[in-house]
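Report on the following structure.
The values are calculated or read from the model by the stated rules, or taken from the named source; none is laboratory data. Treat the numbers as computed from the prediction; the structure is a model and nothing was measured. Cβ atoms come from the backbone with ideal geometry, glycine included; neighbour counts cover every protein chain shown. Accessible surface areas use protein heavy atoms only, side chains included; no ligands, DNA or RNA. Shrake-Rupley method; radii C 1.70, N 1.55, O 1.52, S 1.80 Å.
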Amino acid sequence: MYTQQRARLLPIHEMLRSTFHLFVVLLLIFHVVVAVDSSSCDIDTMYQGVSVIGLKFADENSAQSVKAALEEICELRTVRDEASYKSNEFVEYLLTTAQLKRAQGMLPRSSIRVFVGDLGAMIAHEAEKEIETVQQDRETCTLDDDEEEEGSCAAAKSLVAGEMDTDYYKKYHTYDDLVKRWKLIAHTYKEYVRLETIGKTVEGRPIHMFRIGNTDEESPKRVLFNAMQHAREWITTMSVLYTVEKLAVDAEKAKSWYSDVQLLVVPMSNPDGYVYSHEKDRMWRKNRSPSTPCRRRRSRTGVDLNRNWATDFAGGESTSSDPCSDIYTGPKPFSEPETQALRDLVKKTKGLAAHIDVHSFSQLVLGRWSYSDELPPNVEEVRNVGNLLTEKLSGGGKKYQFARGKTNLIYLASGVMPDWVYEQGVLSYTFELRPKQMWQGGFLLPARQIIPNSKEFFEAASALMDYVAN
Ligand code: 0X9
Ligand code: ZN
């Protein structure tokens with residue numbers, strides 16, 4: 001009775017206040033729905049029901065109308081470059097079932113190619129195989145920073161015995177597991193290998209670097225390899241690590257270049273992204289910088305580290321100013337701690353003669369420039385060494401190709417690391433490791449190919465060190 005009366009006699013200011021509260025709550029709910037998940041169709045990070053599809057458009061008009069129709073269903077996502085990848089050829093998109101149906105209704109059959117039927121299944125299959133291998137795995141090696149004792153596990157024993165522990169290269173590993181391995185290698189071969197830190201990531205992880213070979217500060221020529229600017233390119237860290245381990249194991253018997261050259265290897269340039277690609281999104285490419293958020297979908301926030309370099313920064317070749325894009329440049333050159341660390345390393349390294357920025361996939365060696373078709377100074381050397389590296393990489397039976405500037409093999413790209421490194425007077429290349437094609441796994445190179453790919457990388461790496469030494 002009392003309540004009813006009260007309700008009827010609610011004073012006007014209280015009514016206004018309640019209405020205002022209701023309005024605020026509704027507004028909040030609206031914001032959460034829009035900002036966290038802009039559409040129910042959105043491709044989830046498990047990629048269930050998503051396929052990798054190549055679309056070929058007859059002309060710009062047809063491209064615009066098909067893309068607009070697909071956008072109506074769900075935000076259209078490319079696999080790596082927004083539009084210019086292999087112009088006149090198939091452009092790779094991640095399509096939901098509904099989008100694929102719509103594309104099939106608009107384009108002739110010959111203009112649609114299925115590269116991966118079910119990306120989610122492919123990722124799940126890879127993860128399943130990983131679990132199987134882990135279960136069969138031997139005791140995991142652990143070694144604390146200042147531990148002087150030799151590790152007691154099998155891997156440590158084989159390292160001590162001067163043999164490659166190739167079992168480690170039969171699967172991909174988590175970040176924590178890899179760091180243990182790096183420490184173990186440096187500990188076991190401390191005479192030849194040093195593990196240093198060149199900086200910290202956005203999330204505070206250290207960025208590690210191996211230093212191998214001539215330790216004399218003044219005299220040697222130096223060579224730098226860095227892997228995994230792009231988080232999903234898991235093979236790159238495994239391949240450079242294999243080279244580090246093999247050089248360490250063989251240090252006694254095979255050091256033709258050893259007294260003249262010092263090798264610097266950054267096995268993982270983007271540890272935060274790598275962890276994210278293991279835990280959340282297998283197709284993650286960028287770093288995890290929150291400074292310029294993607295408002296449509298928070299989980300896409302990050303900067304493409306290989307668009308964050310000062311040479312032709314945001315120049316429009318495969319770049320985007322949209323923080324949600326996979327090729328987002330970042331707000332300004334070197335805005336990211338990861339690119340700052342690599343830049344500072346290059347700047348302070350005396351005698352740096354050559355550099356390889358290791359990526360996947362496509363089986364390519366790319367010489368300068370990436371941002372333009374113009375010929376670089378020393379184009380002869382760029383071509384000769386590029387061809388030598390290509391030949392060495394192809395020694396394992398897979399065909400690699402050398403390219404520079406705009407070719408039908410790959411798009412131009414502004415703001416990339418090797419262009420900036422080349423401007424500092426260092427011979428610099430991009431490697432794109434296995435496989436050749438998207439349908440062969442793309443960024444998900446099957447684990448059984450880690451060893452063969454690493455062996456061909458080792459051959460190219462050794463050839464570059466020999467070239468620099470002489
Ligand atoms: O787009 C990139 O950053 C590299 N490809 S990847 O698929 N690994 O993302 C290539 C950049 C280097 N060069 C040229 N595009 N020319
Ligand atoms: Zn890459």
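Below are the figures for this structure:
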| read-out | value |
| --- | --- |
| Qualifying positions in the range 371-397 - touching a helix residue (DSSP H, G or I) at 6+ places or on another chain (Cβ under 7 Å) and open to solvent by 20 Å² or more (accessible area, probe 1.4 Å) | 371, 388, 392, 395, 396 |
| Condition check for residue 373: touching a residue at least 12 places away in the same chain (Cβ under 8 Å), out of contact with any Phe, Trp or Tyr (no Cβ under 7 Å at 6 or more places or on another chain) and over 30 Å from residue 122 (Cα atoms) | yes |
| Selection count, the range 345-377, where residues are among the small types (Gly, Ala, Ser), away from ligand 1 (no atom under 16 Å from the Cβ) and assigned to a strand (DSSP E or B) | 2 |
| Hey, residue 275 more than 16 Å from ligand 2 (Cβ to nearest atom), under 15 Å from the mean Cα position of the chain (by Cα) and at pLDDT 95 or above or not | yes |
| Tally of residues being in contact with a strand residue (DSSP E or B) (Cβ under 9 Å, 6 or more places away or on another chain) and within 16 Å of ligand 2 (Cβ to nearest atom) across the range 326-366 | 18 |
| Count of residues meeting criterion [open to solvent by less than 10 Å² (accessible area, probe 1.4 Å) and among the polar types (S, T, N, Q)] in the range 401-417 | 1 |
| Unique match (being of a type outside the set (A, V, I, L, M) and part of a helix (DSSP H, G or I)) among 302, 330, 273 | 273 |
| Selected residue (criterion: nearest to residue 294 (Cα to Cα)) from residues of the range 304-335 that are among the acidic types (Asp, Glu) and surrounded by fewer than 24 Cβ atoms within 10 Å (Cβ to Cβ) | 322 |
| Selected residue (only one of 305, 342 is hydrophobic (A, V, I, L, M, F, W, C), within 13 Å of ligand 1 (Cβ to nearest atom), at pLDDT 95 or above and within 19 Å of residue 208 (Cβ to Cβ)) | 305 |
| Output for the range 302-318, where each listed residue is within 16 Å of ligand 2 (Cβ to nearest atom) and in contact with a Phe, Trp or Tyr (Cβ under 8 Å, 6 or more places away or on another chain) | 302, 303, 304, 307, 308, 309, 317, 318 |
| Sole exception among (1) surrounded by fewer than 19 Cβ atoms within 10 Å (Cβ to Cβ); (2) modelled with pLDDT of 95 or more; (3) under 23 Å from residue 361 (Cβ atoms) for residue 293, by number | (3) |
| Meets criteria (under 25 Å from residue 128 (Cα atoms), among the aromatic types (Phe, Trp, Tyr) and within 16 Å of ligand 1 (Cβ to nearest atom)) for residue 284 | yes |
| Selection status of residue 380, without any contact (Cβ under 8 Å) to a residue 12 or more places away in the chain, more than 13 Å from ligand 1 (Cβ to nearest atom) and not hydroxyl-bearing (Ser, Thr, Tyr) | yes |
| Conditions (1) hydrophobic (A, V, I, L, M, F, W, C); (2) closer than 13 Å to residue 182 by Cβ; (3) within 16 Å of ligand 2 (Cβ to nearest atom); (4) surrounded by fewer than 23 Cβ atoms within 10 Å (Cβ to Cβ): number failed by residue 283 | (2) |
| Members of the range 202-237 found to be assigned to a loop (DSSP other than H, G, I, E, B) and open to solvent by 10 Å² or more (accessible area, probe 1.4 Å), listed by number | 202, 203, 204, 205, 214, 215, 216, 217, 218, 219 |
| Subset of the range 203-234 [of a type in the set (Asp, Glu) and either within 16 Å of ligand 1 (Cβ to nearest atom) or more than 23 Å from residue 271 (Cβ to Cβ) (or both)] | 216, 217, 218, 233 |
| Single residue of the range 134-182 satisfying the filter (open to solvent by 60 Å² or more (accessible area, probe 1.4 Å) and modelled with pLDDT of 60 or more) that is farthest from the chain's Cα centre (by Cα) | 161 |
| Which numbered condition residue 278 fails, given (1) within 17 Å of residue 205 (Cβ to Cβ); (2) open to solvent by less than 40 Å² (accessible area, probe 1.4 Å); (3) assigned to a helix (DSSP H, G or I) | (2) |
